[in-house]
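To start, the structure itself, in structure tokens.
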Amino acid sequence: MTKDIVITIIGRQTIEQETNQTEVVTEAVYYYKNGHHYVMYDELPDSGPHIVHNRLKFDDHTLEMSKKGGRTDRPLIFRARSPL
């Protein structure tokens, strides 16, 4: 079963003691499958006219973010030291 949701993603980047913050609020689709939670959403980056398809896959220990389209098709994987 899928659910339509609204998510807020906040990104922070610090370079030489200067921090920039970006916030995105967008519609997404959530579902649970084989022990993992999934959130799928699209974004239109500032760098071009191509839509980027994003997938967040997570469980108690790992968050994986995959982007398709635009300039990157690489997953970013974050692992927690303790359960989330």
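Taking the chain, how many lysine pairs are there with alpha carbons less than 19 Å apart, if each pair must be eight or more places apart or span two chains? Counting lysine pairs in the chain gives 5. The convex hull built on the alpha-carbon positions of the range 2-79 has an orientation-averaged projected area of 6.3 nm².
Read-outs throughout are calculated quantities, based only on the coordinates presented, and are distinct from any laboratory measurement. The model shown is predicted, which means the values in this text are computed figures rather than measured ones.
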